[in-house]
Amino acid sequence: MKVLGIETSCDETGIAVYDSELGLQAHALFSQVDIHAEYGGVVPELASRDHVRRILPLIDSVLASAGVAKSDIEAIAYTRGPGLIGALMVGAAVAQALAFVWKVPTIGVHHMEGHLLAPMLEAVPPAFPFVALLVSGGHTQLVAVNGMGDYELLGESVDDAAGEAFDKAAKMLGLGYPGGPVIAKLAAQGNAARYRFPRPMTDRPGLDFSFSGLKTYTLNTTIEAKENDTFDQQTQADIAFAFQEAVVETLAIKCRRALQQTNMNTLVIAGGVSANLALRKRLEAVVAKLGAQVFYARPEFCTDNGAMIAYAGCQRLLAGQSDSLGIKPKPRWPMTELSKV
Ligand code: ATP
Ligand code: MG
Ligand code: FE
């Protein structure tokens, strides 16, 4: 089955063609980072408008680079939620209009199920069951994954998501947006001995997270350095290191706990923060000690993309699921509400 995937939940227009026999045939992304950078975060109305501008030309160019005709597309998968309502509506409207004209079925995909399954697009995919750490701009969750659609929430952030914390810490340090990649780059020059930030909620049992305190810690350390007139590039790097180290160590401690608690030996990390090399390295060490394995997607499929939506939609379509035209986007949509496949 040949599926066109459409992702428009936030500030990236992602398009892909995935074929259940041939695999991923083509994909492309238009990132709106430049548009939102001057505001230090995503402006919803600007995001919706830019999806409108980009989506049809991007679909044309992906079909062309896949060497696939419109008439070859057998189904359309689009992100139904969660995400920004206006942005989601653009993808849903285009998917449903094209499906109506092309006379093919549609499926509304859960954005986080897309992230969760993105590592399945790699040469050596993980096998069910596994523990998934979803770490993105809007989510930090540990999920027991027994099969597709069979999700049990083990723990989640009680405040900011990990990616959101990276973005806010970067803003406090006067760095660009999105913050994750900038902090990661700067942290590589950081002096590990200079600062130590706390590892929130690791001193008590449970699998929940909290990252808002690290944000305050970053702000206070930055203010103090500025008052002492020591806020130079090295200090920025030292703070970036301490912040990243605290996030990575906290995530690693909870992943170890989740693997032990569930007795599973496979860990999957997904979402934008799973592109972080320090996190990957730390988790490799954690699973090695437990005799387990860790899987993640290539960096471009950690953040938002159309390929993960085409893949997740394809699996549900192959299982006989589809959605009627006219169903509405779901800006809020718990992943545990999904049906099993
Ligand atoms: P959600 O998927 O929860 O709706 P989102 O789609 O905005 O949120 P993603 O696109 O999955 O999130 O990821 C973006 C986030 O990942 C941003 O917060 C960004 O700072 C973070 N990120 C990207 N690369 C890295 C990195 N190398 N290290 C740390 N964080 C990163
Ligand atoms: Mg994004
Ligand atoms: Fe995302």
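The values are calculated or read from the model by the stated rules, or taken from the named source; none is laboratory data. The shown structure was predicted, so the numbers you read here are calculated from the model rather than taken from an experiment. Glycine also receives a Cβ, built like all others from the backbone with ideal geometry; neighbour counts cover every protein chain displayed. These accessible areas exclude ligands, DNA and RNA; they are computed on the full protein's heavy atoms, side chains included. Shrake-Rupley method; radii C 1.70, N 1.55, O 1.52, S 1.80 Å.
For the stretch 254-267, give me each residue that is of a type in the set (S, T, Y) and open to solvent by 20 Å² or more (accessible area, probe 1.4 Å).
If the condition is that a residue be of a type in the set (S, T, Y) and open to solvent by 20 Å² or more (accessible area, probe 1.4 Å), then T262 is the only one that fits.
Residues in the stretch 121-134 that are aliphatic (A, V, I, L, M) and either open to solvent by 30 Å² or more (accessible area, probe 1.4 Å) or within 16 Å of ligand 1 (Cβ to nearest atom) (or both): L121, A123, V124, A127, A132, L133, L134.
Does the stretch 61-80 contain any residue that is within 16 Å of ligand 3 (Cβ to nearest atom), open to solvent by 20 Å² or more (accessible area, probe 1.4 Å) and within 24 Å of M120 (Cα to Cα)? Yes, some residue in the stretch 61-80 is within 16 Å of ligand 3 (Cβ to nearest atom), open to solvent by 20 Å² or more (accessible area, probe 1.4 Å) and within 24 Å of M120 (Cα to Cα).
Residues of the stretch 84-119 that are within 14 Å of G14 (Cα to Cα) and open to solvent by 10 Å² or more (accessible area, probe 1.4 Å): V90, V94, H111. Out of A270, A285, A310, one residue alone is of a type outside the set (D, E, K, R) and either farther than 19 Å from C10 by Cα or surrounded by fewer than 24 Cβ atoms within 10 Å (Cβ to Cβ) (or both). It is A285. Elements of the type helices (runs of 4 or more DSSP H) sitting completely within the stretch 231-341 and holding at least 1 residues that are of a type in the set (D, E, K, R) and in contact with a Phe, Trp or Tyr (Cβ under 7 Å, 6 or more places away or on another chain): these cover 233-262, 277-290.
Conditions tested, residue by residue: (1) closer than 21 Å to R298 by Cβ; (2) within 16 Å of ligand 2 (Cβ to nearest atom); (3) modelled with pLDDT under 95.
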| residue | (1), (2), (3) |
| --- | --- |
| M89 | no, no, no |
| A92 | no, no, no |
| A99 | no, no, no |
| G108 | no, no, no |
| P119 | yes, no, no |
| A123 | yes, no, no |
| V135 | yes, yes, no |
| E152 | no, no, no |
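Restricting R316, R298 to residues that are surrounded by fewer than 16 Cβ atoms within 10 Å (Cβ to Cβ) and at negative phi narrows the list to R298.
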